[in-house]
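> First the structure, then my questions, so here it is.
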Amino acid sequence: MRAGIGMGVNGNHMNDATIVRRYHLWGRKNGVETATIHDAFFTNIGLAAKSKVALREIYADALEGDTIEKTLLALKKEGMSDKTYRALRQKAIEDGLINPKNKITRKEILAPIPKGMDWYGIGP
């Protein structure tokens, strides 16, 4: 059986860790105590609305990361062959990991949360 590189899964875990870290740093800067379990975020209920706004902004910022593209470029810089780079990049494009057709936008993430969905942690 051939092993895959796990770019999508590993990239997703890296992004999760970055988002969790940014949430904790936001909390420290704003005097908001925060906690997480894996990728669930917690704070005092009285600060939940403020945290929800911050998390939505953190997620919107994460859109601009292009994690997989940057990882492939870094691997190429460290010696990955052009052939392997092109093949992995093409596979990531085909799998929808680079420039997906239905990529959510910053505007969509930061749009007002529809009535009836405001119970949800960071929006639909």
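> Filter segment 81-96 down to the residues that are of a type in the set (A, V, I, L, M, F, W, C) and surrounded by 15 or more Cβ atoms within 10 Å (Cβ to Cβ), then identify the one that is nearest to THR18 (Cα to Cα).
ALA92
> Do we have ILE104 as of a type outside the set (Asp, Glu), modelled with pLDDT of 85 or more, part of a loop (DSSP other than H, G, I, E, B) and buried (at least 16 other Cβ atoms within 10 Å of the Cβ) here?
When the stated conditions are applied, ILE104 does not pass them.
> Could you look through segment 48-69, keep only residues that are under 9 Å from the mean Cα position of the chain (by Cα) and hydrophobic (A, V, I, L, M, F, W, C), and pick out the one that is surrounded by the fewest Cβ atoms within 10 Å (Cβ to Cβ)?
That would be LEU63.
> If you go through segment 43-100, how many residues are touching a strand residue (DSSP E or B) at 6+ places or on another chain (Cβ under 7 Å) and either part of a helix (DSSP H, G or I) or at pLDDT below 85 (or both)?
2
> If you check every pair at least six apart or on different chains, which have Cβ atoms under 6 Å apart with a residue in segment 98-124 that is under 13 Å from LEU55 (Cα atoms) and basic (Lys, Arg) first and a residue that is modelled with pLDDT of 80 or more and surrounded by 10 or more Cβ atoms within 10 Å (Cβ to Cβ) second?
ARG106/ALA60; ARG106/LEU63
> Still on this structure, I have one more. If I filter segment 62-71 for residues that are under 14 Å from TRP26 (Cβ atoms) and among the hydrophobic types (A, V, I, L, M, F, W, C), do I get at least one hit?
yes
The values are calculated or read from the model by the stated rules, or taken from the named source; none is laboratory data. What you are looking at is a predicted structure, and each value in this text was computed from that prediction instead of being measured. No Cβ is skipped: glycine too gets one built from the backbone with ideal geometry, and neighbour counts run over all protein chains shown.
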